[in-house]
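Below is one structure, written out as structure tokens, with a few remarks after it.
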Amino acid sequence: MTTTSIAPTRTSPAPRVALFGIEINALTMRQAVERIYEWVRTPGVGCRYVVTPNIDHVVVLQQHAGLRAAYASASLVLPDGFPVVWASRLVGRPLPELVPGSDLVPAIFDAAAAHAGLRVFLLGAAPGVADEAAERIGQRWPGVQVVGTYSPPLGFEHDAAENMRIIGRINATEADLLILGLGAPKQELWIAQHAHELEVSGALCVGATIDFLAGEKSRAPAWMRRCRLEWLHRLASEPRRLAGRYARDAWVFPQLVWRQWRQQEDPNC
Ligand code: UDP
């Protein structure tokens, strides 16, 4: 069963697939990029935002009402983990392809020249990293202007005055898009809470993408990505932070797939 929901855009809503209690947009990378440029071309509608579910988000949001709500308010929900795409095929509601945040941002930047340029603000990553990313973006994508960067201090999300300062700073730059690299679920909860105060056309919750753009963290080599082993590369890079998370996800996610499959076979179970 494929369901549709209305996103605040002047074009038709992007088709959605209901899976694991969330609705994921069935779009290719190219279509997602076009949707985001439609937002940029129609400013003043409010800040629409993108979330990119991977296995970990799917597992966490089963028990996290705030993250579920943030997902429900997102204008685009794009699959950022092959197991999510694979599960969609298994249950007969296929998503066309993987649209990871860390590939989506460069794809948006690639299209900037053809869209008369793009103004972006980078929020997140350790101090100095977004500035390094800004420099590299300027060299690689002349059509993209990084109009502001900020690395918020730890715990900023609980500080109302700091949040007001951040929002004022972003709005003052007249950026088209906000790239949020605060990690999950912080970035999703933050944008769900503050989107209505932001004057950007769109925001993208894309985790470590600012680190990748800065060269601070390395993406997995192409062959690992082709073999769907990017998770292994990330685990090897940050074993202390990720081992427990991946072990929990490896235990819980198959159960969610099984439950989803059973529901499809017998909607009463
Ligand atoms: N980060 C941040 N502020 C925070 C927490 C995290 O800027 O309060 C940044 C961190 O520096 C890194 C990114 O968020 O650049 C983490 O992204 P990743 O996708 O690895 O996080 P995950 O969602 O996997 O936890």
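Values quoted throughout were computed directly from the atomic coordinates according to the rules given, and no laboratory measurement underlies them. Keep in mind it's a predicted model, so treat the numbers as computed, not measured. Note: ideal-geometry Cβ built from the backbone for every residue, glycine included; neighbour counts use all protein chains shown.
Hey, what do the phi angles of segment 43-60 turn into as Karplus ³J(HN,Hα) couplings, whole Hz, using 6.51/-1.76/1.60 and θ = phi - 60°, x for Gly and Pro?
x, x, 8, x, 8, 8, 9, 10, 10, 10, x, 10, 4, 5, 4, 4, 5, 5
Rounding to the nearest 20 debye, state how big the charge dipole of the chain is about its Cα centre with +1 on each Lys and Arg Cβ and -1 on each Asp and Glu Cβ.
640
Between R245 and I167, what is 0.36 nm times their sequence separation minus the Cα-Cα distance? Round to one decimal in nm.
Between R245 and I167, full extension yields 25.0 nm more.
In terms of the Cα gyration tensor, with a ≥ b ≥ c the square roots of its eigenvalues, is segment 41-101 rounded because a/c is under 1.5, prolate because a/b exceeds b/c, or oblate?
Here segment 41-101 falls in the oblate category.
Set Lys and Arg Cβ to +1 and Asp and Glu Cβ to -1, take the dipole of the chain about its Cα centre, and tell me which of P152, F212, G46 lies farthest positive.
My answer, from the dipole projection, is F212.
Remind me, relative contact order of segment 39-105 in percent, using alpha carbon pairs under 8 angstrom and six or more residues apart?
Value for segment 39-105: 32 percent.
Arranged by the count of other C-beta atoms within 10 angstrom, fewest first, what order do F20, F121, F156 take?
Lowest count first: F156, F20, F121.
Given charges of +1 on the Cβ of Lys and Arg and -1 on the Cβ of Asp and Glu, with all other atoms neutral, how large is the dipole of segment 180-269 about its Cα centre, in debye to the nearest 20?
Magnitude of the dipole: close to 500 debye.
For the chain, with the dipole built from +1 on Lys and Arg beta-carbon atoms and -1 on Asp and Glu ones, taken about the Cα centre, which of F253, H196, L178 lies farthest toward the positive end?
F253
Explain nothing, just the number: dipole magnitude of segment 1-124 about its Cα centre with +1 on each Lys and Arg Cβ and -1 on each Asp and Glu Cβ, in debye rounded to the nearest 20.
320
How much of the DSSP bridge set in the chain is antiparallel, in percent, rounded to the nearest 5?
Antiparallel: roughly 25 percent of the beta bridges in the chain.
HN-Hα J couplings of segment 96-106 from phi, Karplus 6.51/-1.76/1.60, θ = phi - 60°, integer Hz, Gly and Pro as x?
So the Karplus estimates, Gly and Pro as x, are x, 6, 6, 10, x, x, 6, 9, 5, 4, x Hz.
Residue by residue through segment 173-180, what is 3J(HN,Hα) from phi via Karplus (6.51 cos²θ - 1.76 cosθ + 1.60, θ = phi - 60°)? Round to whole Hz and write x for glycine and proline.
7, 6, 5, 7, 10, 10, 9, 9
If every alpha-carbon in segment 158-218 counts as one equal scatterer, what log10 I(q)/I(0) does Debye give at q = 0.21, 0.24, 0.26, 0.27 1/Å?
Here the Debye-derived log intensity ratios amount to -0.88, -1.07, -1.17, -1.20.
At a threshold of 8 angstrom on Cα-Cα distance, excluding pairs fewer than six apart, so keeping six or more, what relative contact order does segment 97-173 reach in percent?
30
Post the alpha-carbon centroid distance, segment 219-243 to segment 137-153, in whole angstrom.
Here the answer is 26 Å between Cα centres.
Over segment 123-269, calculate the relative contact order: mean separation of alpha carbon pairs under 8 Å at least 6 apart, over the residue count, as a percent.
Reported as a whole number, the value is 22 percent.
Rounded to a whole number of µm²/s, how large is the Stokes-Einstein D of segment 110-168 at 25 °C and 0.890 mPa s, given Rh as the Kirkwood radius over C-alpha pairs?
Translational diffusion coefficient: 194 µm²/s.
Label segment 39-197 by shape, choosing from rounded, prolate and oblate, from the square roots a ≥ b ≥ c of the eigenvalues of the Cα gyration tensor; if a/c is under 1.5 it is rounded, and otherwise prolate applies when a/b is larger than b/c, oblate when it is not.
Here segment 39-197 falls in the oblate category.
Does segment 95-140 come out rounded, prolate or oblate by the C-alpha gyration tensor, with a ≥ b ≥ c the root eigenvalues, rounded set by a/c under 1.5 and, if not, prolate when a/b is larger than b/c and oblate if not?
Oblate, because a/c is 1.5 or more while a/b does not exceed b/c.
What number in nm² do you get for segment 194-249 if you take the convex hull of its Cα atoms and divide its surface by four?
It is 5.9 nm².
What order do you get for Y49, Y71, Y246 when you list them from fewest to most C-beta neighbours inside 10 Å?
Y246, Y71, Y49
Rg/Rh for the chain to two decimals, with Rh computed the Kirkwood way over all alpha-carbon pairs.
Answer for the chain: 0.95.
Taking other Cβ within 10 Å of each residue's Cβ, how do M29, M164 sort, fewest first?
M164, M29
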